[in-house]
Amino acid sequence: MKKVIEILQEELSAAFEKAGYDKKYAKVGVSNRPDLCQYQCNGALAAAKEYHKAPIQMANEVVEFLKDSESFKEIAAQAPGFINMSVSDRFLADYINKMAASETLGLDKAENPETIVIDYGGANVAKPLHVGHLRSAVIGESIKRTARYLGHKVIGDVHLGDWGLQIGLIITELKHRKPELVYFDESFDGEYPTEPPFTMSDLEEIYPYASGYSKEHPEYKEEAQTATAELQSGRKGYLALWQHIINVSVADLKKIYTKLNVEFDLWKKESDAQPYIPQMVQDMKDGGYAHIDQGALVVDVKEETDTKEIPPCMILKSNGATLYNTTDLATIVERRRLFDPDEIIYVVDKRQSLYFEQVFRCARKTKIIGEDVKLEFVGFGTMNGKDGKPFKTRDGGVLRLEKLLEDVNEQVLDKMKDRDMDKDMIDDAAAKISLAAIKYGDLSNQASKDYIFDVDRFTSFEGNTGPYILYTIVRTKSLLAKVKAQNITVDEKSAIEPADSKSETDVMLALTKWSETVNAAFEEHAPHKICQFVYELSDTFNKFYHENKIVTNENEKQRDSYIKLSALVGKVLETAIDLLGLEAPERM
Ligand code: ARG
């Protein structure tokens, strides 16, 4: 279905041509002065140079051909050469009715669906999740859902960090604490009992301890590095411990991600890419892309046009060890083999942007990936506390995601304690509301920007917040429940009537932005655009709701039309929040 702007642009193009001007000047956009008009075209200003005429004269000539068009309520040339437009109520209502009748709410699915791998989440086994992981999960999930909704084939991969020093640290600490464990036996042959020798809470204590201790004690760190190297070269007992660490951590991570309403299609790990490394390194050498620099194997990735220094990409350290980027490059090889993607999107902290620049360049230069495959880095900013510094818990510790969820949930429950609802219902609503508070608080900011995590603001039922959006959806639901309870039958064939108030027009105008919003959110990897959309729609709808009688309206035709419009708003909002990874409760 064509977007409103596209329809208007076609009409303007015809008029520009009739007036003797190139139709390329007939570009229409949403007005930046909504108090004056809904849409505008600035083409006459741009065309003036080519035609050596006063823009206002040209704008007037174009408008002359559109005066009788039924699409417009108002169209006028405005000095120095704008064309200001507002669509007619009939035009708008026709559009809204088509939208209501369409299964996709008027949105066109992708004509050529692409295969897209989204690398997000990025949790590390055995290490506690930090807020960066929260952002990656929340933003990545929304990008994934949006791409999928548009019809693309999307594979979300958590890409677990399971192959680094953190494993060596845990092995080392365990060895100090429980040297009698069978896994430390040099002759251990790989048969191991299924019971892990630690729990998740053990790991949560062991890792930070070992990490801190290693910083003060170089010999301990060296021990951990050796353990990591031994693990990576296949020592059986260490592999068994590593497997235990993964099992225990993954079970825990799955629980947390489920709570966050984040779902991965793949639970791949950095270690899964290791088998691809030897051949990849060989190809890099054979292709003449890699060279030895001070014992290390590196690929130069700087380009002539660089304005800043882009260091070479190190593939192997002088002792032969692989690095984070070796794994990332091998993962590209693996993804190509397994999925042949058209695009890979990485949702990672923006502080890794130079790193990914190196990886992408290296992948292209060494022909690991063709020019036709897009590699996109979506870098996000930091989640800060109210003090403007990276978010910490009240006691200054690293954030435990589950604790954060619990705290927010408590705050929401407190707000709802006087509700006349069953306990189960309150619990269900509170869980959904607190998740909306956290996720919407994050997603409503442009991903690349830092933002302040403000629980009080995020959990407020008013303003641009997740709970406010859910509240609006619940309002549409209870409105429809009332319709049902009062046995009101809305004629199936009846249509949404042209708007008869400003507030109704505003609701309709907000609705028309649905398809362009989803497209823009996908193309620009910008979930915040969906947030802007749902906020505008909620806000206009609530105003309309307060100003008009809906279910109790005596005029049946108007009542039915209002009910249908409200139902459409509810449906669009619910579809939209699903793209954000949120759900609305039945009541709140
Ligand atoms: N595990 C990494 C971290 O905690 C994030 C992984 C991002 N994805 C990637 N392909 N490198 O920083």
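Points worth noting:
- Close pairs (7 angstrom Cβ cut-off, 6 or more residues apart or separate chains): without any contact (Cβ under 8 Å) to a residue 12 or more places away in the chain in segment 18-33, outside any loop (DSSP other than H, G, I, E, B) anywhere: Lys23/Ser13; Lys23/Phe16; Lys23/Glu17
- Given (1) closer than 19 Å to Ser233 by Cβ; (2) in a helix (DSSP H, G or I); (3) more than 16 Å from the ligand (Cβ to nearest atom); (4) not hydrophobic (A, V, I, L, M, F, W, C), index of the condition Asp283 fails: (1)
- Summed over segment 531-573, the residues that are crowded, with 16+ Cβ neighbours inside 10 Å, in contact with a helix residue (DSSP H, G or I) (Cβ under 6 Å, 6 or more places away or on another chain) and among the charged types (D, E, K, R) give a count of 2.
- Within segment 82-132, the set of residues being among the small types (Gly, Ala, Ser) and more than 30 Å from Lys403 (Cβ to Cβ) comprises Ser86, Ser88, Ala93, Ala100, Ala101, Ser102, Gly106, Ala110.
- Restricting attention to segment 86-124 and to residues that are among the acidic types (Asp, Glu) and touching a strand residue (DSSP E or B) at 6+ places or on another chain (Cβ under 7 Å), the residue that is farthest from Ala521 (Cα to Cα) turns out to be Asp89.
- Within segment 214-224, none of the residues are within 16 Å of the ligand (Cβ to nearest atom), of a type in the set (Gly, Ala, Ser) and closer than 28 Å to Asp328 by Cα.
- Taking every residue in segment 351-369 that is without any contact (Cβ under 8 Å) to a residue 60 or more places away in the chain and closer than 17 Å to Tyr289 by Cα and pairing it with any residue that is in a loop (DSSP other than H, G, I, E, B) and within 15 Å of the ligand (Cβ to nearest atom), at least 6 positions away or on another chain, the pairs with Cβ-Cβ distances below 6 Å are Ala363/Ile369.
- Among (1) crowded, with 16+ Cβ neighbours inside 10 Å; (2) over 23 Å from Met416 (Cβ atoms) - the single one Phe458 does not satisfy: (2)
- Qualifying residue in segment 118-127 (condition: of a type in the set (Phe, Trp, Tyr), outside the structural domain of Ser249 (by TED's automatic domain parsing) and away from the ligand (no atom under 11 Å from the Cβ)): no
- Tallying residues that are within 22 Å of Asp349 (Cβ to Cβ), in a loop (DSSP other than H, G, I, E, B) and not small (Gly, Ala, Ser) within segment 397-448 yields 5.
- Residue within segment 166-174 that is surrounded by 24 or more Cβ atoms within 10 Å (Cβ to Cβ), within 16 Å of the ligand (Cβ to nearest atom), closer than 21 Å to Asn261 by Cβ and at pLDDT 95 or above present: no
- Subset of segment 192-239 [outside any helix (DSSP H, G or I) and either surrounded by 13 or more Cβ atoms within 10 Å (Cβ to Cβ) or of a type in the set (Ser, Thr, Tyr) (or both)]: Tyr192, Thr194, Pro196, Pro197, Phe198, Thr199, Ser233, Arg235
- Qualifying residue in segment 341-357 (condition: more than 14 Å from the ligand (Cβ to nearest atom) and either at pLDDT 95 or above or assigned to a helix (DSSP H, G or I) (or both)): yes
- For segment 88-117, a residue qualifies if it is surrounded by 15 or more Cβ atoms within 10 Å (Cβ to Cβ), away from the ligand (no atom under 16 Å from the Cβ) and closer than 17 Å to Asp342 by Cα, and the qualifying residues are Pro113, Glu114, Thr115.
- Options Tyr209, Tyr220, Tyr238, Tyr213; residue that is touching a residue at least 60 places away in the same chain (Cβ under 8 Å) and farther than 16 Å from Gly161 by Cα: Tyr238
- Selection within segment 140-165 - surrounded by fewer than 24 Cβ atoms within 10 Å (Cβ to Cβ) and of a type in the set (A, V, I, L, M): Leu150, Val154, Ile155, Leu160, Leu165
- Scanning segment 377-389 for residues that are away from the ligand (no atom under 12 Å from the Cβ) and either assigned to a helix (DSSP H, G or I) or at negative phi (or both) gives Gly381, Thr382, Met383, Asn384, Gly385, Lys386, Asp387, Lys389.
- Pairs with Cβ under 6 Å, 6+ apart, first in segment 166-186 and on the phi < 0 side of the Ramachandran plot, second of a type in the set (D, E, K, R): Gln166/Lys127; Thr172/Glu223; Phe184/Lys175
A quick yes/no check of all residues on (1) under 32 Å from the mean Cα position of the chain (by Cα); (2) closer than 30 Å to Asp407 by Cα; (3) part of a helix (DSSP H, G or I):
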| site | (1), (2), (3) |
| --- | --- |
| Glu263 | yes, yes, no |
| Asp272 | yes, no, yes |
| Asp306 | yes, no, no |
| Met314 | yes, no, no |
| Asn319 | no, no, no |
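- Cβ-Cβ under 6 Å pairs, at least 6 apart or on other chains, segment 324-336 side within 17 Å of Asp162 (Cβ to Cβ), far side part of a helix (DSSP H, G or I) and near the ligand (Cβ under 10 Å from one of its atoms): Asn325/Val359; Thr327/Glu270; Thr327/Ala273; Asp328/Val359; Ala330/Ala273; Thr331/Ala273; Glu334/Ala273
- Answer residue from segment 128-162, given it is within 10 Å of the ligand (Cβ to nearest atom) and among the hydrophobic types (A, V, I, L, M, F, W, C) and is nearest to Val117 (Cα to Cα) among those: Val158
The values are calculated or read from the model by the stated rules, or taken from the named source; none is laboratory data. Here the structure is a predicted model, which means the values were calculated and not measured. Glycine also receives a Cβ, built like all others from the backbone with ideal geometry; neighbour counts cover every protein chain displayed.
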